Amino acid sequence: MASYMLQKTVTSICTCGLQKLLPDLFFCRHCLTLRCDFCVSHEIDTTYCPHCFENLSSTEAKHKKNRCASCLECPRCFNTLSIRSYSRTSDSKKTPQKMYYLLCLFCNWRSHEPNVPDQPTSSGNWPVYKNPNEARIVDLINYYKSISLKEVFDKQKRSTKNYGRNYMHFLEKFGLNAMMARKRAGLPNFPMDGTGYCTPQISSSEAVENVLELPEDIFEKVVDIKQISTLEQRFATPELQSENVDDLFPIRKHLRVKHSLRCRVCEHNVVKPEYNAVKFKIKHLAYYHVPEIKIIKCEPLLAGKSSSLVLKLCNPAQTPTAVRFEKLNLKAINIVREPRQLEGEDLIAIPKQLPEPIPIVLKLQGDIVVPEGEIKIAARDDTAEYDDTNEVNTDYDDPKYVYWRKGNKVALKFEVKPYENIAKNENVQVGFIMNFMYLDTMSHVMNQKQPQSVLVPIKIVLNLPNS
Amino acid sequence: MKLDSDFLPEKQCIVIDIGTKYTKFGFATEHSPRCIIRTCCEIDGIPIPDIYKCKDAQNLTLALTNFIHILFYKHALIAPKDKKVIIVESLLSPTKFKEILAKVLFITYEVASLCFVPSHCASLFTLGISTALVFDVGYKEAILIPVCEGVPVLRLWQTMPLAGEAVENIIKTRINIGQLSPDESIDSIAEDIKSRTCFVTTLKRSKILESGNTVEPKTTSVEYHINGERSIQIPGDIRETAYDVLFEENIDNMSITTMILEAIVNSNVDTRLKLAENIVLMGGTVMAKGFMARLKEELLEKLKSPNYKNLKIKNFKFHIPPASENYIAWLGGSIFGCTNNLNILSQTRENYINESYVPDWPTTLTRQMIE
Ligand SMILES: [Zn+2]
Ligand SMILES: [Zn+2]
Ligand SMILES: [Zn+2]
Ligand SMILES: [Zn+2]
Ligand SMILES: [Zn+2]
């Protein structure tokens, strides 16, 4: 399965230089070029629980530490826990009390006393594990906080002495800073000149000579491997990392996010999800704009011999397009990177530093003869699926290149000639450029004129099996 | 008057400790990492098992881009843009790795500031001390660097490939795991056997077992299930001696024990005692049951050998951290992130873009000393 997924016969080279499959690419309608995961920036749109689908605002998610308040996961198998109840009679005179515990229907793990006591309500406040050394860590934090403040303070003092800065400047430059910092640190205020400021003392850790020995019974104890947690289970609660499965605590479900993707160059969205729905507001996938290429026929390849290759092109857009092929010039492959912008396109004020493009390293194992001239492809028409009439003028089709046509699909003849020195059983890699006509229908801010057609070049790499 | 950053709402600060096997990740000021996850990522669907082994700059860039993406969008659930980042790192991690990580964070993810904190120094923040012999035994290697008054003594650094991986290799060679199906990995089975069944036996028992004799009481063997179907036996003697590889001396008479003693011998006479009485262990491997006790036994035993006879040391003392050893370096980073020093020692994005250079931790001054 994995190898099938990784087999990439037809790839396009993204503007950033990465080779991608068409469905993995985006088409920025402002830059008029391909973008991929690597060359868009990701923003967080909404946070939600993957189990109960509750949407949370980012502040809420932050407050809840990215965990769902209502869904709990089994610490053994990570499936969602169910809440079970039973009646408990502690006193024969009282009415029996309903008690709840957590049970995993997949692996049978249940919440265990005393760590996770049974609760009187179903929405029970299931306890969270706390490190017993919590207070010590708080002390350490406060200690180091105040030490660093004192350093700042001593520096101020020195600088006021040495350079004879006036008090106002001092106040402006440092005093307020330190005050704010103290306030933030939750420490009481102190006089502006720092007199009477002292850092809280903590006891530093005492090293011990008597370290923890192996438990007496470790050698003879019969080990039931099922009771011993795996590292994955331990790390799900880093502060606990219990070795015994029964001592584990239920895990609150980790939230997930919906991303919106933004083109790094023009800062426009290429994908934006709709709030509270599985729909998208904006979804500029290359798949909707760029003609898709599929290999439908490939004669066996022989070193130094020409073989015919038939590619099927399918226009996904609702407007007719035309394609024009070019040879791939390996020497110039890394030159034209950011494509020209549309006339009058609103440019961003300050161009920021973008990640460096990735140098394209391509090794071709053969030449390819591409069809000449412009080849038109009809628009996609979902209603005309059984209609055989072609809406594009096919009079100029050269039968040397056009194999057949049907609706928005056209099959084109290519010729592949692998180099003499190719190794047997190794894929033959060939490349070409497909320029396709993109009808720009966006109304750009600066010029509200007629839609213009633009020729968009896309570098295509074919990996042809040779066996 | 220009508004200082102190007046603006606090930017969230993320603390990341990228280990060779596990990455600790969370928010500064918090007391434990949000998650401990495998350090693994992919490039175009192809998994990269060891990010530190990526030699090629371009692959490392892609791998780190993917990994940082996973950390922020799957775990932190915040966009890294304009956040502060602390990287807790080993002083021995390659400069190239650090530079590429900085580039990915500053340029691709546009973080506001970045600070690299050496893990050996960071761990001391969890103890409230400033001088110690800090010994990190993780997955790939054991790294020893003494820290004096908060400054790592790079002259005395030592490293050996004696850590979790070495133990797993012993398990792989001594236990016949049998034929595995394609979706099972020998590495994860060996790790699982190590972490769930093995412990560090006492020096006495280890010696007896090594000489081929039997010990009383015998350690029970464990029935281990692979994929819930096949079961294999993990013999008792392997359970207790798998970790012994860390204490065995190589041809140069080096083991994790002699690493510590060599560091003490080579340090200034007046700090020797202080180091021996302030040993800090960190890293996942030191969490093995019996590790600390055995290390102490080995140290006391080795102290009798002629090489170390002149050391005027009688005892070794160990610090007990307030949290699990596998994340104390992270916790140190989190504590550091609460302090004002973070703002002083961080590099800002503006500075990075202008200088295009990543400064070292101020007290280490030169990384070249190591390389
Ligand atoms: Zn791209
Ligand atoms: Zn939920
Ligand atoms: Zn379960
Ligand atoms: Zn764009
Ligand atoms: Zn997480």
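With the simple spin-label model, which puts each label point 7 Å out from Cα in the Cβ direction, the A:Glu134 to B:Glu355 separation comes to 4.0 nm. Rolling a 1.4 Å probe over the protein heavy atoms leaves A:Ser204 with an accessible area of roughly 60 Å². Against the criterion of solvent-accessible heavy-atom surface with a 1.4 angstrom probe, A:Lys221, A:Lys94 sort, most first, into A:Lys94, A:Lys221. Taking all protein chains as they are arranged and a probe of 1.4 Å, the heavy atoms of A:Thr383 leave approximately 130 Å² accessible to solvent. FRET efficiency for the pair A:Asp91 and A:Ser70, taken as 1/(1 + (r/R0)^6) with r the Cβ-Cβ distance and R0 = 30 Å, rounds to 0.40. Comparing A:Pro215, A:Leu103, A:Asn115 along the charge dipole axis of the protein assembly as shown, the residue lying farthest to the positive side is A:Asn115, per the Cβ-charge model.
Restricting attention to chain B, close to 65% of DSSP beta bridges with both partner residues there are antiparallel. Computed extension length for A:Ile202-A:Trp404: 64.4 nm, one decimal, from 0.36 nm per residue of separation with the Cα-Cα distance subtracted.
Projecting the Cα atoms of A:Val456, A:Leu309, B:Gln179 onto the dipole axis of the protein assembly as shown, where Lys and Arg carry +1 and Asp and Glu carry -1 at the beta carbon, places A:Val456 farthest toward the positive end. The charge dipole of the stretch B:129-320, taken about its Cα centre with unit charges on the Cβ atoms of Lys, Arg (+1), Asp and Glu (-1) only, comes to about 880 debye. Of the trypsin sites (Lys or Arg not before Pro) found in the stretch B:7-59, the ones in coil according to DSSP and having at most 13 other Cβ atoms within 10 Å of their Cβ are B:Lys11, B:Lys55.
I need the calculated FRET efficiency for the pair A:Asn244 and A:Glu220, taking r as the beta carbon distance and R₀ as 22 Å, to the nearest 0.05.
On the way: r = 18 Å, r/R0 = 0.81.
According to the calculation, E is roughly 0.80.
Could you give the distance between the Cα centres of the stretch A:87-159 and the stretch B:168-197, to the whole Å? Result: 36 Å between the Cα centres. What do you get for the angle between helix B:57-70 and the principal long axis of chain B? Use alpha-carbon atoms, 0 to 90 degrees, nearest ten. The helix B:57-70 is inclined about 90 degrees to chain B.
Quote to one decimal, in nm, the extra length available between A:Glu372 and A:Glu60 on full extension: 0.36 nm per residue of separation minus the C-alpha distance between them. If you can, show how the numbers build up before the last one.
Working: separation 312, 0.36 × 312 = 112.32 nm, distance 5.92 nm.
So the extension gain works out to 106.4 nm.
Relative to the longest principal axis of the Cα atoms of chain B, the long axis of helix B:164-174 makes an angle of roughly 40 degrees. Secondary structure note: in the stretch B:129-320, about 75% of the DSSP beta bridges are antiparallel. Spin-label model, A:Glu213/B:Thr348: points 7 Å from Cα along the beta carbon direction are separated by 5.8 nm.
Rounding to the nearest 20 debye, state how big the charge dipole of the protein assembly as shown is about its Cα centre with +1 on each Lys and Arg Cβ and -1 on each Asp and Glu Cβ. Write down the numbers at each step before the final one.
Details: 103 positive and 98 negative charges, 293 e Å.
Roughly 1400 debye, rounded to the nearest 20.
In the protein assembly as shown, taking the dipole from charged Cβ atoms about the Cα centre, the farthest positive-side position among A:His63, B:Asn169, B:Ala76 is held by A:His63. Here chain B is assigned +1 on the Cβ of each Lys and Arg and -1 on the Cβ of each Asp and Glu. Its dipole about the Cα centre then comes out at about 720 debye. Given a 1.4 Å probe and the protein chains as shown, A:Arg84 ends up with an accessible area of around 100 Å².
Suppose R0 equals 35 Å; then what is the FRET efficiency for B:Glu210 and B:Leu273 from their Cβ-Cβ distance, rounded to the nearest 0.05? Computed FRET efficiency for B:Glu210 and B:Leu273 comes out at 0.65.
Across the cross-link table entries B:Lys204/B:Lys317; A:Lys305/A:Lys413; A:Lys62/B:Lys103; A:Lys363/A:Lys424; A:Lys8/B:Lys103; A:Lys20/A:Lys62, which are compared at the Cα atoms, the separations over 23 Å belong to A:Lys62/B:Lys103; A:Lys8/B:Lys103; A:Lys20/A:Lys62.
The values are calculated or read from the model by the stated rules, or taken from the named source; none is laboratory data. All values derive from a computational prediction rather than experimental measurement. Here the Cβ is made from the backbone with ideal geometry for all residues, glycine too, and neighbour counts use every protein chain on show. Calculation scope for accessible area: heavy atoms of the full protein, side chains included, ligands and nucleic acids excluded. Shrake-Rupley method; radii C 1.70, N 1.55, O 1.52, S 1.80 Å.
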